[in-house]
1. Out of (1) open to solvent by 40 Å² or more (accessible area, probe 1.4 Å); (2) touching a Leu at 6+ places or on another chain (Cβ under 6 Å), the odd one out for Thr205 is which?
2. Go through the range 111-127 and report how many residues are of a type outside the set (A, V, I, L, M), part of a loop (DSSP other than H, G, I, E, B) and under 14 Å from Val61 (Cα atoms).
3. What are the residues in the range 57-108 that are among the aromatic types (Phe, Trp, Tyr) and open to solvent by 10 Å² or more (accessible area, probe 1.4 Å), if any?
4. Identify, from the list Gly213, Gly231, the residue that is at positive phi and within 19 Å of the chain's Cα centre (by Cα).
5. Which residue pairs have Cβ atoms closer than 9 Å, lie 6 or more positions apart in sequence or on different chains, and pair a first residue in the range 87-103 that is on the phi > 0 side of the Ramachandran plot and in a loop (DSSP other than H, G, I, E, B) with a second residue that is open to solvent by 10 Å² or more (accessible area, probe 1.4 Å) and not charged (D, E, K, R)?
6. With respect to Glu186, determine if the residue is of a type in the set (Asp, Glu), touching a His at 6+ places or on another chain (Cβ under 8 Å) and open to solvent by less than 20 Å² (accessible area, probe 1.4 Å).
Amino acid sequence: MPKKLSKGGRNSFSLEASSSQLSGASQAALPEWARDSLPLPRLIVLDLDYTLWPFYSDIHVATPIKPVPNSNHLALTDRNGERFSLFPDAPHILNLLSHLGIRLAVASKSPVGDLCREMLKTLRLPAQLQHRNSDETASPAKGSSSGGTKGRKTIEIFDGGLEIYEGTKLRHFEMIGKRTGIPFNEMLFFDDERPNFEVESLGVTMRLVGNKGLCWDELEKGIQKWRVNRGY
């Protein structure tokens, strides 16, 4: 088993209307970018390996996979007993973005698309919203039932679609653009590989993530970059 590798139509909208669904205390716990009424991207697109999760899907995961017992499907294990999950902040970020109405999609060059989809179906998101720097939870995360302990399947949150196959990210974005009808300059992309900045030739804003993958800091910096590119 190889060891996991360490890795060095409408205009933009603000979240004022969506945020109003939260209690006053919950709104106060939101990140500043979700409270400042400035425009936000309509679609956020994520790479998978070392962006959404800290491993290579085609190298480190040995099928079959199954949920880790008593984990509420927040982690899974493979044939070798290795444990896998999303980067720590990622489940909470996905929940919040979805709750606030930002669409989500995947653009990945992984050659094991079926396995990636199976992992996204197996892994679930927390049942409650949790915001950065706060232990407070809002009730319950979008798509979850208040009485259950398991949140929604991770795959269900990507309403902008899944483009998981070898090729170029340009091709991925062309397909996402056709499916969603969202202009490229309304999209924000998070990826861990510098060559994928090629998508910026389309008008997409890309944020190169560090070794923590999709985390609150990277999300904020990505949104700031997108706003600068859009003239805000």
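The values are calculated or read from the model by the stated rules, or taken from the named source; none is laboratory data. Model, not experiment: these values are computed from the prediction. Cβ atoms come from the backbone with ideal geometry, glycine included; neighbour counts cover every protein chain shown. Ligands, DNA and RNA are stripped out before the accessible areas are found, and what is left, the full protein with its side chains, is counted by its heavy atoms. Shrake-Rupley method; radii C 1.70, N 1.55, O 1.52, S 1.80 Å.
1. In the conditions (1) open to solvent by 40 Å² or more (accessible area, probe 1.4 Å); (2) touching a Leu at 6+ places or on another chain (Cβ under 6 Å), Thr205 misses (1) alone.
2. So in the range 111-127, the residues of a type outside the set (A, V, I, L, M) come out as 111, 113-114, 116-118, 121-122, 124, 126.
Add one more test, that the residue is part of a loop (DSSP other than H, G, I, E, B), and what stays is 111, 126.
Now narrow it down to the ones that are under 14 Å from Val61 (Cα atoms): 111.
Number satisfying all stated conditions: 1.
3. First pass over the range 57-108, keeping only residues among the aromatic types (Phe, Trp, Tyr): 84, 87.
Answer for the range 57-108, where residues must be among the aromatic types (Phe, Trp, Tyr) and open to solvent by 10 Å² or more (accessible area, probe 1.4 Å): just Phe87.
4. Details: Gly231 fails: within 19 Å of the chain's Cα centre (by Cα).
None of the others qualify; the one that does is Gly213.
5. Qualifying pairs under 9 Å: Gly101/Phe13; Gly101/Ala17; Gly101/Ser18.
6. Numbers: of a type in the set (Asp, Glu): yes; touching a His at 6+ places or on another chain (Cβ under 8 Å): no; open to solvent by less than 20 Å² (accessible area, probe 1.4 Å): yes.
The answer is no for Glu186.
One line per residue, one yes/no per condition, for (1) open to solvent by 60 Å² or more (accessible area, probe 1.4 Å); (2) modelled with pLDDT under 95; (3) within 30 Å of Asn70 (Cα to Cα):
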position: Ser145; (1), (2), (3): yes, yes, yes
position: Leu162; (1), (2), (3): no, no, yes
position: Leu170; (1), (2), (3): no, no, no
position: Glu174; (1), (2), (3): yes, no, no
position: Val199; (1), (2), (3): no, no, no
position: Cys215; (1), (2), (3): no, no, yes
position: Trp226; (1), (2), (3): no, no, no
